[in-house]
Amino acid sequence: MLATPASVSFLSVKPPLLNRLGSLLALAAPLVSLFAAAPAWAGSALAAWRIDRSGTLELRTPPGTNLEAFFERGNASQGPRLWVDLPGAPQRSRSIGGNGPIQEVRIGRPSDDSTRLVVEFKPGVDLDPSQLRLVGTSPDRWQMKLVPALQGVRPIGEGDFEGPALPSWRALPPSGSSLPLGPMPSLETLPNVQRGRFKVVIDPGHGGPDPGAIGIRGLRETDVVLDVSLQVAQILQAKGVQVLLTRTSEVDVDLPPRVALANNSRADLFLSIHANALSMARPDVNGVETFYFQPGVSQRLAEAVQRQMLLVSPGSPDRGARPGRFFVIRRTVMPAALAEMGFVTGRLDSPRLADPAFRRRMAIAIATGVLNFLLGQR
Ligand code: ZN
């Protein structure tokens, strides 16, 4: 551990009462023994955070998480900052713009196995570290009142505070599934199409302030789908398909513009890529599914993608190609489907979706499904 500079103070952290934690741990006991081996944790214990209008910082973590909080005084050019260190690494570092007295909030990765949430204030903001205290308000929630400095701030945050209790931190499976990955499909055997003949719109679900579903160890749907979608686009382009993406980075794109992009570009095909989620209390639910709105051509597209995704997901249940009423597949005028690559809340799917090697397989599989559909093959 690094020496603490004089301007940095430890903040008091009061863990939650253990009453509910006890029963949660008892529930999760079989898992603890299953995954007792030294874990290579990836995925952050920071499941959600927000700063609300009353100037309160709130965090959500799995029960049993140990946190440390720090404060550093500001100077003339730099505002004060506070940070909270949590176990497990975030999927990616990021910063979220603040407002009012908040300069920005950063999610960083100070080591391979930790997450740092930094709240940086504007110069001149006055906070008294002796008044700052991170208090566990329930087994999976933490609060720090930042008033009066922050009263009237516009709420910011990421992740889900409303879902049911998270499984215990100690009970969660390590990243890097011990389950076998499917075979790595070969790019060489993928068919080429006539260059310039087909235009495809790939729609990475969610993005920006909307991370979509948040799963086990903070696995974020938006990160998974953006990575796979960019790879699908790159593979299809290499095979001669013209590809348009509804987003290429962590930005928020509403649903109507995604549909408008597809409809105005007269694309031949629209594919929205998502990861599924259920409650954190249902890690038993896993599986791959693909939705279509129109029976017929869109259904064939959904079936072609579903078939390929299953090939690289051994053991994950086939939830089928089935009808769904999602806006982006209902309003697009070309053959359209919405693929759900697995459950970020699933015990089987989640560690796989967190694994770049699995995401590569998934991207090749989805691209194969699209090419097969374009060429009229199964
Ligand atoms: Zn989604």
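Charges at C-beta only: +1 for Lys and Arg, -1 for Asp and Glu. How large is the resulting dipole of the stretch 199-374 about its Cα centre, in Debye rounded to 20?
The dipole magnitude comes to about 340 debye.
I'd like the distance separating the alpha-carbon centroids of the stretch 44-90 and the stretch 292-319, in whole Å.
The distance from the Cα centre of the stretch 44-90 to that of the stretch 292-319 comes to 41 Å.
Taking θ as phi - 60°, what are the ³J(HN,Hα) couplings along the stretch 188-198 by the Karplus curve (6.51, -1.76, 1.60), each to the nearest whole Hz, with x for Gly and Pro?
So the J values, rounded to whole Hz, are 5, 7, 5, x, 8, 10, 4, 4, x, 7, 10.
Just want to confirm a number: the relative contact order over the stretch 199-374, from Cα pairs under 8 angstrom separated by 6+ residues, in percent.
Details: 396 pairs, mean separation 52.6, N = 176.
30 percent.
What residues have an amide H closer than 5 Å to that of ARG347, excluding those fewer than 5 places away on the same chain, when H is modeled at 1.01 Å from N in the peptide plane?
ASP284, VAL285
Most exposed first by the Cβ proxy, i.e. fewest other Cβ within 10 Å, how do HIS206, HIS274 rank?
On the way: HIS206 22, HIS274 28.
In increasing order of surrounding Cβ atoms, one gets HIS206, HIS274.
What trypsin sites (Lys or Arg not before Pro) in the stretch 296-328 are in a loop by DSSP, with at most 15 other Cβ atoms within 10 Å of the Cβ?
ARG325
Kindly identify the stretch 220-356 as rounded, prolate or oblate by the Cα gyration tensor criterion: order the square roots of the eigenvalues as a ≥ b ≥ c, call it rounded if a/c is under 1.5, otherwise compare a/b with b/c, prolate if a/b is larger, else oblate.
Taking the square roots of the gyration eigenvalues as a ≥ b ≥ c, the stretch 220-356 is prolate.
Name the residues whose placed amide hydrogens come within less than 5 Å of the amide hydrogen of THR56, ignoring near sequence neighbours (fewer than 5 apart) on the same chain.
LEU146
Excluding same-chain residues fewer than 8 positions from LYS145, which lysines have a Cα within less than 21 Å of its Cα?
Excluding near neighbours in sequence, the set is LYS14, LYS122.
Specify the inter-centroid distance of the stretch 110-125 and the stretch 201-263, based on alpha-carbon positions, in whole Å.
Comparing the Cα centres of the stretch 110-125 and the stretch 201-263, I get a distance of 28 Å.
Select from GLN308, LEU271, PHE373 the residue farthest towards the positive end of the dipole of the stretch 199-374; place +1 on Cβ of Lys and Arg, -1 on Cβ of Asp and Glu, and compute about the Cα centre.
Going by the Cα projections, it comes out as PHE373.
Where a number appears in this text, it was derived from the coordinates with a stated rule and is not lab data. Bear in mind that the values here come from a model prediction, so they are computed numbers and not experimental data. In this analysis, Cβ positions are derived from the backbone assuming ideal geometry, glycine residues included, and neighbour counts consider all displayed protein chains.
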